[in-house]
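The values are calculated or read from the model by the stated rules, or taken from the named source; none is laboratory data. Model, not experiment: these values are computed from the prediction. Note that each Cβ is placed from the backbone with ideal geometry, even for glycine, and that neighbours are counted across all protein chains shown. Each accessible area value is taken on the protein alone, full model and side chains, heavy atoms only, with ligands, DNA and RNA left out. Shrake-Rupley method; radii C 1.70, N 1.55, O 1.52, S 1.80 Å.
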Amino acid sequence: MDTVTNAYLVCEQTIQGGSKTFYKAFSLLPKQDRMAVYAIYTFCRHLDDTVDESATPKESLAEFLEEFRLFRSGNSINKPLWIALADVFKRYEMDETPFLELAEGMRWDIEKNRYHSLEETEKYSYYVASTVGLMLLPILAPKQNDLRESAIQLGIAMQLTNILRDVGEDAKRGRIYLPKDWMDQYGVTTESLLAGTPSGDFAGLWEALALRAEHLYDAATPSFDRYPKESRRALKVAALLYRGILDAARDNQYDVFTKRAYVSRWQKMKLLATI
């Protein structure tokens, strides 16, 4: 097995272990395209782990960015991620900007753990999620820059979904991504979230943000039909399954502190039958 093929297999294992939803959705792509997607997912995963699993996240982020700089300067780095990504940059018209913007989102996670407004929460969501959509655009829809806005909307919708699913998990890490002005409006205090026993109308707050996410899903969806046939279904599957997490949390009566919302195998089959 050659080095590049082996590097892509490592990337495939990374997405298999990290996101069953994305793995299932993008496994529908032609082989070259799906392997490129797996490499980009692995970049994002490594960058995320650099911050979340390091005792010295600032230094670890700086080291990762230095590796990226060396990679973009044409240096050969003998690690599966960089080997696979070098092949992606060779085969597609990639732009390094969203890769660097994702790193800025990781920097926010190091330096910030509270968000004061929806605008601030959505700016963070752009950095950590919309950027991924922009990384994938040259693979899923080559030379179609008119799809950028809907890719950004879809990314923010997905990240708001993550935030709503992970309120309890994030609170255990001392992070609250829910907009503080919205929390005040619904009587939900920071202290209650950190304690895992939300005060006020938490369900109302949760639903308000979920409706914002659903609005963005709806805004992005019409653009899916402008993608090439090969990637159109994969994108629809990813959006549908991710949106399904919101209904799974509703089924759990908004308990995002002791239960993790996920789309069951049976629910996935029902959702996929609607495409």
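Observations on the model:
- Relative contact order [Cα under 8 Å, 6+ residues apart], region 75-192, whole percent: 29
- Subtracting the Cα-Cα distance of M269 and A203 from their residue separation scaled by 0.36 nm leaves 21.0 nm.
- E191/H116 FRET efficiency (R0 22 Å; Cβ-Cβ; nearest 0.05): 0.85
- The chain, relative contact order in percent, only Cα pairs under 8 angstrom and at least six apart counted: 19
- Lys, Arg +1 and Asp, Glu -1 on Cβ, resulting dipole of the chain about Cα centre, debye, nearest 20: 1060
- Take the Cα of N78, go 7 Å toward its beta carbon, and the backbone nitrogen atoms of region 1-18 under 14 Å from that spot belong to 3-4.
- Cross-link partners of K20 among aspartates and glutamates (Cα-Cα below 16 Å; sequence separation of 8 or more within a chain): E12
- Solvent exposure of the chain, expressed per residue, is 48 Å² of accessible area, with all protein chains present and a 1.4 angstrom probe.
- Kyte-Doolittle at least -1.0, axis length at least 18 Å by Cα - qualifying DSSP helices, the chain: 3-18, 31-52, 57-72, 97-111, 148-165, 202-220, 229-251
- Element breakdown for region 36-113 at a 1.4 angstrom probe: carbon and sulfur atoms account for 46% of the accessible area.
- Whether region 1-91 is rounded, prolate or oblate, judged on the alpha carbon gyration tensor where a/c under 1.5 counts as rounded: oblate
- Sulfur and carbon atoms: percent of accessible area, region 116-269 [1.4 Å]: 51
- In percent, rounded to a whole number, the relative contact order of region 155-275 is 31, using alpha-carbon pairs under 8 Å and six or more apart.
- Summing charges over all other residues whose Cβ lies under 11 Å from the Cβ of A203, with Lys and Arg as +1 and Asp and Glu as -1, gives -2.
- Checking the cross-link pairs K58/K259; K236/K270; K123/K180; K112/K180 against a 25 Å limit on the alpha carbon distance flags K58/K259 as lying beyond it.
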